[in-house]
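Everything below concerns the one structure shown next.
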């Protein structure tokens with residue numbers, strides 16, 4: 001069955017437009033209560049969007065009607081909600097965020113008591129209950145925030161690494177005016193690194209606004225300007241990170257995974273396999289295989305990465321976007337945790353970040369194009385002419401890798417083509433784009 005409301009990462013949309021409306025979110029809270037009669041308490045956090053407090057009120061009204069206790073802990077990252085849902089034994093954890101989207105969007109990410117996101121079947125079951133419970137009017141309830149100490153999360157981060165204290169490492173951190181605007185600079189200073197922070201003054205509408213992980217060129221320039229040894233940039237809810245070396249070169253998720261896997265393999269020999277998506281670079285896959293590590297490919301989206309990790313019993317997975325997932329972290333992406341892995345490796349090896357950028361693998365040509373369509377993206381993907389073209393490309397160009405998919409959050413078709421031969425790559429890319437535009441007329 002195709003889901004109506006849940007996308008690749010929860011429910012998301014423009015605030016005050018369906019489904020991010022008062023009645024829908026109220027009904028979602030009712031549906032969560034009905035999905036499990038044993039639900040007694042729920043933990044709720046949010047990023048810095050101006051609409052976050054309103055959505056808290058919508059959820060509060062729904063949970064109160066279901067006689068479910070809900071605790072609100074204010075502005076936190078998505079991985080912090082995952083961590084504390086499991087740690088404090090809540091029945092559900094909810095993160096109010098639209099991740100890297102602009103401030104006028106918002107969304108709901110739901111975590112189970114084990115800190116993991118809902119499965120497809122669970123989301124489908126909840127959707128049925130939402131449709132049954134949709135209401136016209138809602139009496140809003142006042143929200144009182146619960147004070148929770150974040151020392152347990154701090155300890156979780158630091159206990160994984162034994163070499164983080166008292167360093168002269170200069171770190172530039174772009175907090176995207178989002179979830180970690182306060183916690184990240186505080187924590188990094190606490191472990192002893194020298195911190196220059198940026199985008200740490202959220203006003204409700206400047207989250208991801210020319211800052212954060214969606215602006216790698218900005219990170220590159222500011223890392224150089226501040227003469228930092230490493231630059232790190234989170235997205236709005238900090239479940240992913242992009243990194244700059246001291247020369248301004250950007251290390252995406254492929255390179256970050258390669259650094260961590262290479263180091264862990266040589267030091268401990270424990271990593272047997274890694275999960276990456278079909279968007280990952282071919283050269284990255286070849287490099288990981290050369291280390292004796294098996295590469296498992298999943299569909300795009302962290303939920304697909306996580307499912308493949310579980311199926312293959314893999315401890316690390318991720319996407320080129322900088323969304324890395326570790327099995328010992330509740331299968332939740334954590335931008336700060338990923339940053340600490342890299343910082344720990346830098347301190348232990350005494351190497352500069354540029355060493356890893358220059359000495360791991362040379363990326364092959366890869367191009368991604370986003371196409372806005374008049375027709376339904378899925379209708380275009382199912383068109384027989386496009387299906388035929390894909391078969392021809394596979395047959396004629398065995399060394400070309402491509403991926404055509406619809407966006408999970410926008411009305412777009414994404415077309416990715418990669419090959420060691422740039423001429424061939426561009427030829428295949430043009431053929432896909434031209435046919436899609438023709439079908440869309």
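Tabulated values for the structure
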quantity	calculated
Selection status of residue 219, surrounded by fewer than 20 Cβ atoms within 10 Å (Cβ to Cβ), over 24 Å from residue 306 (Cα atoms) and modelled with pLDDT of 95 or more	no
Residue match in the range 348-358 (condition: in contact with a strand residue (DSSP E or B) (Cβ under 6 Å, 6 or more places away or on another chain), touching a residue at least 60 places away in the same chain (Cβ under 8 Å) and at positive phi)	no
Top-ranked residue of the range 427-441 - restricted to ones that are under 15 Å from residue 390 (Cα atoms) and in contact (Cβ under 8 Å) with a residue 60 or more places away in the chain, ranked as surrounded by the most Cβ atoms within 10 Å (Cβ to Cβ)	436
Residue 121 vs. criteria surrounded by fewer than 13 Cβ atoms within 10 Å (Cβ to Cβ), in a helix (DSSP H, G or I) and at pLDDT below 95	yes
Members of the range 241-255 found to be under 15 Å from the mean Cα position of the chain (by Cα) and surrounded by fewer than 23 Cβ atoms within 10 Å (Cβ to Cβ), listed by number	252
Scope the range 102-122; condition in contact with a strand residue (DSSP E or B) (Cβ under 7 Å, 6 or more places away or on another chain) and within 17 Å of residue 175 (Cβ to Cβ); matching residues	none
Failed item in (1) touching a helix residue (DSSP H, G or I) at 6+ places or on another chain (Cβ under 8 Å); (2) in a strand (DSSP E or B), with residue 196 passing the rest	(1)
Of residues in the range 311-368 being more than 16 Å from residue 261 (Cβ to Cβ), modelled with pLDDT of 90 or more and out of contact with any helix residue (DSSP H, G or I) (no Cβ under 9 Å at 6 or more places or on another chain), the one surrounded by the fewest Cβ atoms within 10 Å (Cβ to Cβ)	311
Selection count, the range 381-426, where residues are surrounded by fewer than 16 Cβ atoms within 10 Å (Cβ to Cβ), in contact with a strand residue (DSSP E or B) (Cβ under 8 Å, 6 or more places away or on another chain) and part of a helix (DSSP H, G or I)	3
Residue in the range 265-279 that is assigned to a helix (DSSP H, G or I) and under 19 Å from residue 213 (Cβ atoms) present	no
Matching option when the condition is outside any helix (DSSP H, G or I), under 18 Å from residue 169 (Cβ atoms) and either outside the structural domain of residue 99 (by TED's automatic domain parsing) or within 18 Å of the chain's Cα centre (by Cα) (or both), among 213, 228, 238	228
Test for residue 371: is it touching a helix residue (DSSP H, G or I) at 6+ places or on another chain (Cβ under 7 Å), loosely packed, with under 15 Cβ neighbours inside 10 Å and in contact (Cβ under 8 Å) with a residue 60 or more places away in the chain	no
Residue among 145, 159, 154 that is modelled with pLDDT under 90 and farther than 24 Å from residue 59 by Cβ	159
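The values are calculated or read from the model by the stated rules, or taken from the named source; none is laboratory data. Just so you know, these numbers come straight off a predicted model, no measurement behind them. Reconstructed Cβ throughout: ideal geometry from the backbone, glycine too, with neighbour counts over all protein chains shown.
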